[in-house]
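Chemist: Please see the structure below; I have some questions.
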Amino acid sequence: MQVPTSIVVLNLFVIVLICVNSVQCEKEKPSKDELKNQKLPPCAACKLFTNSFKKGLEKTSRGKFEGGDSAWEEDKLRSYAKSEIRLVEIQENLCKDIENGEIQCHTLAEELENLIEEWWFKHQDTYSDIYDYICIEKTQRCCPKDHYGPSCKPCPGYPDRICNNNGKCKGAGTRKGSGECLCDRGYLGDTCSECASGYYESYKDERTLLCSACHAACDGPCRGAGPKDCEKCASGWQMIEDKGCFDIDECLKSDEICPGNQFCVNKEGGHSCLACDRACNGCTGDGPDMCVGCAEGYHKKENLCINSDLLGRKKQENLARYLTYFGLCVATCIILQRNVYAAGVIGLLVAVYISVSEYMIANSNVQDTTANMDILGPALIGA
């Protein structure tokens, strides 16, 4: 079987396009060296470094001195938990689990070595978290939680109502940022204490404000959840006094809205134009039974546009089928002359086959049974 040239060309085009996209994605994906050399902001780099140190603490949390009398060693040389041996083990594996900014992490480990040892031997009891001691207190690369800027000012609403719990403080936890509230969707104001346009107050008390979206029928502010609470209707809706916004059925003017061989489907606030069935020349809905007129090559039959060539194809199919039946009957007669019993059995099977075939065709939607009369000729059909 010969494959059409257009299909071959299309497949080649798809393969080339996939290859080009794959090469482009590989180029856009950063290499391991680029990830290692990535530079992070001061606070983010310090947090990454201290998180690596904390992972080392977890891995060595059950370690003991090797060999000798462990009880004596822990008593005389201090416990393993705060021993120099444990610190060395942690430092040897620092930054090895990091992909982004590994080089920067190793640089920090060298710069902060003295501070690490100072915290390890002197300040673990005072500062349980190494991040607080190194990143916030000593190097001043970061701020405490919900604080921002060079002097670590508290964010609006600190401590338990940051931006009214409806937004985020810009720069929180770092020495940068303005401390402004970046409000969640649906909220606005300096401290996110108001509802944005298109939202309404669905709940409010002394500590909580909840803003919910207006109905799709509303254009701008509203007083509640339904279309009757809109102050102004959106496109595709019309205001009816005391009832609110109602959907406009654009499909009432279907010919103007959807010109050509299309039909209109109304939906809330708008409409869609969909293509008519290929059998139609204008339609009121989907399918060959919804045609206003039939397209070229089709004709109307019982309110259904069907392919005009269908009857011709059926005529050929019916003729071939009847010739098959005739051939089976002739073969049975030939066998009858030689073996009556065999011919009887074969004749019975042929009769069953023809009966079942005709029954299935008569009760199938695949073929219009009225077309079976086409072999008799147009004159007899019209009689």
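Chemist: Can you say whether Phe246 is part of a strand (DSSP E or B), touching a Gly at 6+ places or on another chain (Cβ under 8 Å) and not aliphatic (A, V, I, L, M), as far as the supplied structure shows?
Modeler: Considered against the rule, which asks whether it is part of a strand (DSSP E or B), touching a Gly at 6+ places or on another chain (Cβ under 8 Å) and not aliphatic (A, V, I, L, M), Phe246 comes out as no.
Chemist: A further question on this structure: Return the residues of region 189-214 that are among the hydrophobic types (A, V, I, L, M, F, W, C) and open to solvent by less than 30 Å² (accessible area, probe 1.4 Å); say none if nothing qualifies.
Modeler: Passing the criteria: Cys192, Ala196, Leu209, Cys211, Cys214.
Chemist: Return yes when Cys43 is modelled with pLDDT of 90 or more and either open to solvent by 60 Å² or more (accessible area, probe 1.4 Å) or touching a strand residue (DSSP E or B) at 6+ places or on another chain (Cβ under 7 Å) (or both) and no when it is not.
Modeler: Taking the combined requirement at face value, the residue satisfies it.
Chemist: Return yes or no: is Ser364 closer than 26 Å to Glu302 by Cα and at pLDDT 75 or above?
Modeler: Spelling it out, it is not the case that Ser364 is closer than 26 Å to Glu302 by Cα and at pLDDT 75 or above.
Chemist: Still on this model: Restricting attention to region 160-175, which residues are over 18 Å from Leu188 (Cα atoms) and either surrounded by 15 or more Cβ atoms within 10 Å (Cβ to Cβ) or of a type in the set (A, V, I, L, M) (or both)?
Modeler: Correct list: Gly171, Ala172, Gly173, Thr174, Arg175.
Chemist: Here's a follow-up. Kindly check whether there is at least one residue in region 205-219 that is at positive phi and at pLDDT 90 or above.
Modeler: The answer is no, given that none of the residues of region 205-219 is at positive phi and at pLDDT 90 or above.
Chemist: Out of (1) in contact with a Pro (Cβ under 9 Å, 6 or more places away or on another chain); (2) open to solvent by less than 60 Å² (accessible area, probe 1.4 Å); (3) among the aromatic types (Phe, Trp, Tyr), what's the single condition that is false for Phe246?
Modeler: Phe246 satisfies every listed condition except (2).
Every residue, every condition in (1) assigned to a loop (DSSP other than H, G, I, E, B); (2) aliphatic (A, V, I, L, M); (3) within 30 Å of Gly285 (Cβ to Cβ), yes or no:
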site: Gly177; (1), (2), (3): yes, no, no
site: Arg185; (1), (2), (3): yes, no, no
site: Tyr203; (1), (2), (3): no, no, no
site: Arg207; (1), (2), (3): yes, no, no
site: Gly224; (1), (2), (3): yes, no, no
site: Ser235; (1), (2), (3): yes, no, yes
site: Asp242; (1), (2), (3): yes, no, no
site: Asp255; (1), (2), (3): no, no, yes
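Chemist: Next question, about the same structure. Does region 321-336 include one or more residues that are small (Gly, Ala, Ser) and in contact with a strand residue (DSSP E or B) (Cβ under 9 Å, 6 or more places away or on another chain)?
Modeler: No, there is no match, as no residue in region 321-336 is small (Gly, Ala, Ser) and in contact with a strand residue (DSSP E or B) (Cβ under 9 Å, 6 or more places away or on another chain).
Chemist: Also, I was wondering about something else. Restricting attention to region 257-267, which residues are surrounded by 13 or more Cβ atoms within 10 Å (Cβ to Cβ) and either in a strand (DSSP E or B) or of a type in the set (D, E, K, R) (or both)?
Modeler: Gln262, Phe263, Cys264, Val265, Asn266
The values are calculated or read from the model by the stated rules, or taken from the named source; none is laboratory data. Only a predicted model underlies this, so the values are computations on that prediction, with no experimental measurement involved. Cβ sites come from the backbone with ideal geometry, for glycine too, and all protein chains shown count toward neighbours. With ligands, DNA and RNA removed, areas are computed over all heavy atoms of the protein, side chains included. Shrake-Rupley method; radii C 1.70, N 1.55, O 1.52, S 1.80 Å.
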